[in-house]
Amino acid sequence: MVYQLDSIGVSTNENLPIYAVKLSINANEEEDEPRILILGQCHAEEILGVEMSMSLIDWLLHPDSEVSTPFMNKLKEFMYNLEIWVV
């Protein structure tokens, strides 16, 4: 499993859920791996951060195989050796 969605709490206003997505080759397992945390929204009116975070999740789950960049060549290695958390 590469993707795991968790609810990590609720907001103080209207009790809206706060979601965290874990991206890793073994996302369903608890491993001692380095972690990267990306916060998509810290303030109420910062909608662009949410859009960018959702795009990042989509991009990591569905990488475009036709685009060859140094990062794309390392993507599989990152997913095997890191936990990427997007909140």
(request) Give just the number: which of (1) open to solvent by less than 60 Å² (accessible area, probe 1.4 Å); (2) within 14 Å of LEU60 (Cβ to Cβ) does SER11 not satisfy? (result) (2)
(request) Search the stretch 1-15 for residues that are outside any strand (DSSP E or B) and pair each with any residue that is among the charged types (D, E, K, R) when their beta-carbon atoms are under 9 Å apart and the residues are at least 6 apart or on different chains. (result) MET1/GLU29
(message) Just checking, does the stretch 20-43 include any residue being loosely packed, with under 12 Cβ neighbours inside 10 Å and touching a residue at least 60 places away in the same chain (Cβ under 8 Å)?
(response) no
(request) State the number of residues belonging to the stretch 31-54 that are outside any strand (DSSP E or B), among the charged types (D, E, K, R) and within 16 Å of the chain's Cα centre (by Cα). (result) 2
(request) Considering only the stretch 44-58, state which residues are surrounded by 10 or more Cβ atoms within 10 Å (Cβ to Cβ), at pLDDT below 85 and of a type outside the set (Val, Ile, Thr). (result) GLU46
(message) With open to solvent by 50 Å² or more (accessible area, probe 1.4 Å) and more than 16 Å from the chain's Cα centre (by Cα) as the only criterion, which of LEU16, LEU61 stands out?
(response) LEU16
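The values are calculated or read from the model by the stated rules, or taken from the named source; none is laboratory data. Quantities reported herein were computed from a predicted structural model and do not represent experimental measurements. Using ideal geometry, Cβ is built from the backbone for each residue, glycine included, and neighbour counts are taken over all protein chains shown. All accessible areas refer to the heavy atoms of the entire protein, side chains included, with ligands and DNA or RNA removed. Shrake-Rupley method; radii C 1.70, N 1.55, O 1.52, S 1.80 Å.
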